1. Only one of (1) in contact with an Asp or Glu (Cβ under 8 Å, 6 or more places away or on another chain); (2) over 22 Å from Ala249 (Cα atoms) fails for Arg64. Which number is that?
2. Take the range 122-153 and flag every residue that is surrounded by 15 or more Cβ atoms within 10 Å (Cβ to Cβ), free of Cβ contacts under 8 Å to residues at least 40 places away in the same chain and among the hydrophobic types (A, V, I, L, M, F, W, C).
3. Residue by residue through the range 202-247, note down the ones that are of a type in the set (D, E, K, R) and in a helix (DSSP H, G or I).
4. Looking only at the range 190-218, count every residue that is buried (at least 19 other Cβ atoms within 10 Å of the Cβ) and not hydrophobic (A, V, I, L, M, F, W, C) and tell me the total.
5. Among the residues of the range 97-146, count how many are aliphatic (A, V, I, L, M), closer than 26 Å to Met193 by Cα and part of a loop (DSSP other than H, G, I, E, B).
6. In the range 21-37, which residues are assigned to a helix (DSSP H, G or I) and surrounded by 13 or more Cβ atoms within 10 Å (Cβ to Cβ)?
7. So, Ile44, is that one assigned to a loop (DSSP other than H, G, I, E, B), at pLDDT below 90 and among the β-branched types (Val, Ile, Thr) or not?
8. Pick from the range 139-161 the residues that are aliphatic (A, V, I, L, M) and in contact with a Cys (Cβ under 7 Å, 6 or more places away or on another chain): which of them is farthest from Val101 (Cα to Cα)?
Amino acid sequence: MNKGQKIFQYVFLTIVSLFSVFPLYYMFCGATNKSTDVVAGKLIPGGYIVSNFKALLANQDLARAMWNSFRNAVILTALALLVCSIAGYGFEIYHDKGKDVVMTLLLTAMMIPFAAIMIPLFKMFSTLKMVNSMAAFMLPTISTPFLIMLFRQSARSFPHDIIEAARLDGLSETGIFFRMFFPTMRSTYAAAMTITFMNAWNNYLWPKVILQTDDSITMPMLVANLLGGYTVDYGMLMLGVLICTLPTAIVFFCLQKSFAEGITGAVK
C-alpha cells in the first residue's frame, strides 16, 4: 500500500468515525441545552444540564427506573448465561443427530419476530396469572437461540481430550463444566454477557406489555414517557436518553476486547 492509498484510507475512516460519533455528540449537546436550543439545532454544549436534571427528577421517578432496569438486566443476564451455556455445551459435547434437528428448529425460530408471538405469550401468562411478575418478564428471553449457538460454536474448540482425561480421573460432568469449560470460555461469556445485558437493558416492548404497574417502570419506559403530553422538553428528553445509554456504553467499553474475542470464537 503506497502513501496515497494510506492517506485516502485514513481520511475515509476519519469521516466514517465522525458520522458514527456525531449522534452521541448531538445527544450530549442536547442534554446540556434547553428545549428551544435543541429544536434550533444548536451543536455547542450549553449550561442547562443541571436544570434539565432537576426537571427530569421532578417529572419521572428516575431512581426507581434505574434500579428496575439494573436489577432486571443483571438477573436476566446471569440466568441467560447459565442456561444458554449449559445448553450450548450439551448440544456439542453430547452430540447426536437428534440434537442437530433440535438446533435447526431453534435457529429457525430466530427468524420469527417477537411481535408475532407477543400476544400468545401474554395470553399464556395471563391465564397462568403471572402478569406483573419477574418470571413472566424473564422466561421468554432467558434462553435465546443466538446465545445457545454462540456457546455451541465455542464448545467445538474446547479440547475433547481434556474431557476424556477428566472423566478418567473421576471428575463428574458437572465438575467438568464448571471447573474446566467455564474458566476456559471467559471471552465467550464476556461477549454473551455484553449482548444479553444490552438487550435486557434496552428492552421496551415486552416489559411494557407484561409489567403494568408504575413501580415496574424501566429506563426505556421512562424515556418513552418523556415523549408524552402536548409539549416535549427536548433538553430533558436528551438527558434521559443520555442517562439510559451510559450503563450499556460502560459495559461495552469495559468488555470490548473480550467481546471481540468471544464473537470470533477465541479460546484462551
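The values are calculated or read from the model by the stated rules, or taken from the named source; none is laboratory data. All of these numbers come straight from a predicted model, not from anything done at the bench. For neighbour counting, all protein chains shown are included, and Cβ atoms are generated from backbone atoms with ideal geometry for every residue, glycine included.
1. Condition (2) is where Arg64 drops out.
2. Matches in the range 122-153: Met130, Leu139.
3. Lys208, Asp214, Asp215 - these are the residues of the range 202-247 that are of a type in the set (D, E, K, R) and in a helix (DSSP H, G or I).
4. Number of matching residues: 6.
5. Residues that pass the stated criteria total 4.
6. The answer is Tyr26, Met27, Phe28, Cys29, Gly30, Ala31, Ser35, Asp37.
7. Judged against the criteria, Ile44 is not a match.
8. The extreme case among them is Leu147.
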